[in-house]
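One structure below.
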Amino acid sequence: MMKKVISAVMVAAFVMSASVVLAAKVTCEVSAIEGDTVTMTCKNADKLKVGDNVSVKAKKKKAIEGC
């Protein structure tokens, strides 16, 4: 009985992990901004398709310390 429960849990975990879609990592540089439209030049842009939803996070600039 215990082996069946463990097997069922392992199968469920495998199915759930197999259904996860990995996001493509694309590095971009902003080329132009016109109102609400942002144009970017990206490396690995072939991983994207028209209509894909993307999330953009601005890179934080480091503070420069000095005298």
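The values are calculated or read from the model by the stated rules, or taken from the named source; none is laboratory data. Every value quoted in this text rests on a predicted model; they were computed, and no experiment measured them. Cβ coordinates were reconstructed from backbone atoms using ideal geometry, including for glycine residues, and neighbour counts include every protein chain displayed.
Miscellaneous remarks
- Pair list, Cβ < 9 Å and 6+ apart or interchain, from the stretch 29-50 residues that are touching a residue at least 12 places away in the same chain (Cβ under 8 Å) to residues that are outside any strand (DSSP E or B) and not β-branched (Val, Ile, Thr): CYS42/LEU48; ASN44/ALA24; ASN44/LYS25; LYS47/ALA24; LYS47/LYS25; LEU48/ALA24
- So ALA8, is it surrounded by 10 or more Cβ atoms within 10 Å (Cβ to Cβ), modelled with pLDDT under 80 and assigned to a loop (DSSP other than H, G, I, E, B): no
- Residues of the stretch 31-57 that are assigned to a strand (DSSP E or B) and surrounded by 10 or more Cβ atoms within 10 Å (Cβ to Cβ): SER31, ILE33, VAL38, THR39, MET40, THR41, CYS42, LYS43.
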